[in-house]
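**Student:** So that we are looking at the same thing, I have put the structure below in structure tokens.
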Amino acid sequence: MYVTTDFRKGLKIEYNGKPYVISDFQHVNPGKGAAFVRTKLKNLETAQVLEVTFKSGDKVPIPDLETKEMQYLYSDGTNFTFMDMVHFDQVELTNKDIGDAKNFIIENSVVKVTFFQGKPVTVEVDNFVELVVSETQPNIKGDTSSGGGKPATMETGLTITVPFHINEGDKLKIDSRTSTYVEKVK
């Protein structure tokens, strides 16, 4: 069991029988009355965010979570198939299960899949991924003083803004947390 003093961002807890991750919290000690903890909890299965207040000293269960490194094999359009790197078991996840991670995974890439009571609930990719530009406008001379950029579509279908010197076929480092361009990979 976790106590409210254990709370921190990123801590995974069980609340009402469901797995949640604490996305924000604040210990409040009012002048009158007992202290409490105000939290924002994100459901790992549905991505729903709840605001929950716990009394100081409340206990919450530790969820039955297991995280495995799995290799992304292929997608049939609606399902994504992953393979356990140790036991070679295969798991299929839907677009809804994967969420935004689908924009950052390419065939044979390794991701972390979190299971709650044996059922896959989330897919985590690295903070930085390398993707190839599949479509963008040709290089535009001039107008570099504005510091703007142009749209580029990556091999996964993700569209981001890149500097003007980027061309089709270039490999780019992308921040998966913010979906932004970091640098061109040599």
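**Student:** Filter region 164-181 down to the residues that are hydroxyl-bearing (Ser, Thr, Tyr) and not in a strand (DSSP E or B) and list them by number.
**Tutor:** Once the filter is applied, which keeps residues that are hydroxyl-bearing (Ser, Thr, Tyr) and not in a strand (DSSP E or B), region 164-181 yields Ser176, Thr178, Ser179.
**Student:** Quick check: is even one residue across region 152-163 part of a loop (DSSP other than H, G, I, E, B) and free of Cβ contacts under 8 Å to residues at least 24 places away in the same chain?
**Tutor:** The answer is yes, given that some residue of region 152-163 is part of a loop (DSSP other than H, G, I, E, B) and free of Cβ contacts under 8 Å to residues at least 24 places away in the same chain.
**Student:** With the requirement that a residue be part of a strand (DSSP E or B) and over 19 Å from the mean Cα position of the chain (by Cα), what does region 15-36 give you?
**Tutor:** Matches in region 15-36: Tyr15, Phe25, Gln26, His27, Val28, Phe36.
**Student:** Answer yes or no as to whether Gly157 is open to solvent by 40 Å² or more (accessible area, probe 1.4 Å), touching a helix residue (DSSP H, G or I) at 6+ places or on another chain (Cβ under 9 Å) and either of a type outside the set (S, T, N, Q) or at pLDDT below 90 (or both).
**Tutor:** Answer is yes for this residue.
**Student:** So which residues in region 88-130 are within 16 Å of Ser176 (Cβ to Cβ) and among the charged types (D, E, K, R), if there are any at all?
**Tutor:** Asp100, Lys102, Lys112, Glu124, Asp126, Glu130
**Student:** Quick one: would you say Ser179 is surrounded by 14 or more Cβ atoms within 10 Å (Cβ to Cβ) and under 17 Å from the mean Cα position of the chain (by Cα)?
**Tutor:** yes
**Student:** Show me the strands (runs of 3 or more DSSP E) found entirely inside region 49-128 where at least 1 residues are open to solvent by less than 50 Å² (accessible area, probe 1.4 Å) and acidic (Asp, Glu).
**Tutor:** So the answer is 79-84.
The values are calculated or read from the model by the stated rules, or taken from the named source; none is laboratory data. Remember, predicted model here, so these are calculated numbers, not experimental data. Neighbour counts are summed over all protein chains in view; Cβ atoms, including those assigned to glycine, are modelled from backbone coordinates with ideal geometry. Note: areas computed on protein heavy atoms with side chains; ligands, DNA, RNA excluded. Shrake-Rupley method; radii C 1.70, N 1.55, O 1.52, S 1.80 Å.
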